[in-house]
Structures are given as C-alpha cells and as structure tokens.
Amino acid sequence: METVRIFLENHIVGKKTLLIKIENSKLRFQISNEISKRFCNHMITKISRSGKYLIFFYSNKFSLLFHLGMTGYFRISNYYERKKHDHLMFYFENQVLIFNDIRKFGFVKIYEEEKIKFSSHLIGMGPEPLSDRFSAEYFFKNLYRKTNIKNLLMNQSFVSGLGNIYCSEILFDSKIHPIRRVSSLSKEEVGGIVKSVKKTLRLAIKAGGTTIKNFIVSDEKVGYFKNKLMVYGRERMKCKRCKMDNVIAKIKQSGRSTFFCSGCQL
DNA sequence: AGGCATGTTACAGG
DNA sequence: ACCTGTAACATGCC
C-alpha cells in the first residue's frame, strides 16, 4: 500500500478533479452518490496511508478513505478504456484514475477531514511497523496474548499493515516457527522479529511492493518484491536458506495459508 | 463439473 | 477483552 500511495502522490496530488463517474457502486459498502457533488472541481492536496488504508485529502476539507480489499487496484491512463470490474473513475485534465476491484471487498467512504481519524476503520489501529512506536519493548508488553506469532502479526490492532504474504516472509527471516505461542517468545526472539518486520517492509517498498496476480498498481515497473519472496507460495520446494530439499510446508492458521521452512524455523 | 484456493476485514459468538 | 470462524465476491486451477 505504501508503494500505491507513492504512485498516486506522484501522479494526482495537486490536480483538480473535473468529473467523477460511478461505473458500479456495489463494493463492500455502497459508493455514495454524494461523491461527485462533493469532490468535483476540487483539488487533491495530499495522499496518506494508515495501515492498508489510503486517504485522499481534498482542498475543500473533505477526504476519501479507500481500502483495496484483496483484489482492488488503481490504474491511470490518458483516456478511459473500460475494463471488467471498474467501479469508479476520477477524471483530471489529461488523465483518468480508475478504481477496479474484482471481488468487491474494497471500499471508498467520504469523511470530513477532521473526522476521518476517528473513523471506526482507523480508530483501533496498532502502530505503524516502520515507526519507533513499533519496538521490541512494545512487542514484549503484548506477549500476554493467547495466540500464535503468525496471528499476532496479522492482528491490525497489534501492528497495522502486515498482510498474509509478509507475515510468512517475516517469520522466515526471523527463523521463528509460525505456530509458536507468543508467550513462549524470548526477549531476543522478539527483538529479532521486530528487526525482520522492518527489514522485510523496507526491502518490499524499495522493490515496489508485492504485486501478485491482480494487485496491479499501474503500468509502471512496480511489484517486483514478488520475485524476492523467500517462502510464500513455495510449498514442497527447497529452502533458499538451509538448502534442504522439499522442506517448505504450507499450513492453515485461522483460515489463512502460512508457509515456513520446517528445517530452519524453530 | 464441482470443490477448493486466493492478497482482507466486519461481525457474531464463544 | 480477546480470539476465531464465517461471509461478502469473482475467478482460476485441479
């Protein structure tokens, strides 16, 4: 999401929205008809991100909160070319921004600028993983929780923005087995996981994010982190670290796939 | 053909 | 208060 934010910041901040067209209003939440009246002829002043949410700030002191769900993406071009599952178009002077979402788990909502931080979606979020607030000390204070390390990392109220792919990658990097109860983690292990979280995200952002299948940012060269994945999607393959054959395992945790090396993650 | 898997999260219920 | 399962939906792969 950070790479999506950077992409949008580079392309549409400072531009005036001339026309908004709703192609299909059915998303996780219905797209409000108010959107066109409210934002046409106003300028986008800033695009920020909170966890996996994006916020467009407009010059009229209103803002748009987006979530891309599993299959949502933005694309930009010089003219509109219709594609299946397009939901919303923002026309600018020489460009159009399109929000497309196959599975309709994403959404967009309108907020007054002052009120958005109190939105039910943002209010309970944990610290940003790359901020100083997400530290070994913070982590250690949460080891009383009664869950495994994979699910803790996935919990957006513990730390915001980590998705299913990154959680497998992070635990591989820290050599921690995903089913470990968090109460069993030592101070050293917690420190290592925090380091792996920051390292993995920094690398991913540098590589342009993790585009798999439909998670397209644009036609630009982005999404190359998928080429750097160490465990995700590598079931029964050789471990890239310990080199043992056929050791990458795939399990389910709370309904989500987890990949790990049964040789070097303890 | 049909069952299962897929990047997320809101909500219900234990 | 915290944790887990389920549902929302469309598509692709065995």
Handout entry: Residue under evaluation A:Phe39, criteria (1) within 15 Å of the chain's Cα centre (by Cα); (2) modelled with pLDDT of 95 or more, criterion not met
Key = (1)
Problem - Odd one out for A:Lys83, checked against (1) surrounded by fewer than 21 Cβ atoms within 10 Å (Cβ to Cβ); (2) within 13 Å of DNA strand C (Cβ to nearest atom); (3) at pLDDT below 95; (4) within 17 Å of A:Phe7 (Cα to Cα) - result: (4)
Fill in the blank from the handout: Filtering region A:23-50 down to residues that are surrounded by 15 or more Cβ atoms within 10 Å (Cβ to Cβ) and either β-branched (Val, Ile, Thr) or at positive phi (or both) yields A:Ile31, A:Ile35, A:Ile44, A:Thr45, A:Ile47
Practice task
Test A:Asp132 against the criterion of being farther than 23 Å from A:Lys250 by Cβ and in contact (Cβ under 8 Å) with a residue 60 or more places away in the chain, and give yes or no.
Solution key: no
Exercise for the section: Using the structure shown, decide if A:Gln156 is more than 16 Å from DNA strand C (Cβ to nearest atom) and polar (S, T, N, Q). Expected result: no
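Could we say that A:Ile35 is in contact with a helix residue (DSSP H, G or I) (Cβ under 6 Å, 6 or more places away or on another chain), in contact (Cβ under 8 Å) with a residue 60 or more places away in the chain and more than 23 Å from A:Val159 (Cα to Cα) here?
no
Could you run through region A:183-203 and say how many residues are more than 20 Å from A:Leu229 (Cβ to Cβ) and out of contact with any helix residue (DSSP H, G or I) (no Cβ under 6 Å at 6 or more places or on another chain)? Lay out the reasoning, then the answer.
Taking region A:183-203 first, the residues more than 20 Å from A:Leu229 (Cβ to Cβ) are A:183-191, A:194.
Among the residues that remain, those that are also out of contact with any helix residue (DSSP H, G or I) (no Cβ under 6 Å at 6 or more places or on another chain) are: A:183-189.
Number satisfying all stated conditions: 7.
One line per residue, one yes/no per condition, for (1) out of contact with any helix residue (DSSP H, G or I) (no Cβ under 8 Å at 6 or more places or on another chain); (2) farther than 20 Å from A:Met1 by Cα; (3) of a type in the set (Phe, Trp, Tyr):
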site: A:Met89; (1), (2), (3): yes, no, no
site: A:Ser120; (1), (2), (3): yes, no, no
site: A:Glu128; (1), (2), (3): yes, no, no
site: A:Phe134; (1), (2), (3): no, no, yes
site: A:Cys167; (1), (2), (3): no, no, no
Problem - Residue count for region A:213-249, restricted to those that are in a loop (DSSP other than H, G, I, E, B), within 16 Å of DNA strand B (Cβ to nearest atom), of a type in the set (D, E, K, R) and at pLDDT 80 or above - result: 3
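Please return the ranges of strands (runs of 3 or more DSSP E) entirely within region A:14-89 where 1 or more residues are away from DNA strand B (no atom under 16 Å from the Cβ) and closer than 14 Å to A:Ile116 by Cβ. If you could, list the steps in order and put the result at the bottom.
Working: elements: A:19-22, A:42-50, A:53-58, A:62-67, A:72-77.
Answer list for region A:14-89: A:42-50, A:53-58, A:62-67.
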Fill in the blank from the handout: When every residue in region A:117-146 that is hydrophobic (A, V, I, L, M, F, W, C) and in a loop (DSSP other than H, G, I, E, B) is compared, the one farthest from DNA strand B (Cβ to nearest atom) is A:Leu143
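The values are calculated or read from the model by the stated rules, or taken from the named source; none is laboratory data. Keep in mind that this is a model prediction, so the values were computed, not measured. Cβ coordinates were reconstructed from backbone atoms using ideal geometry, including for glycine residues, and neighbour counts include every protein chain displayed.
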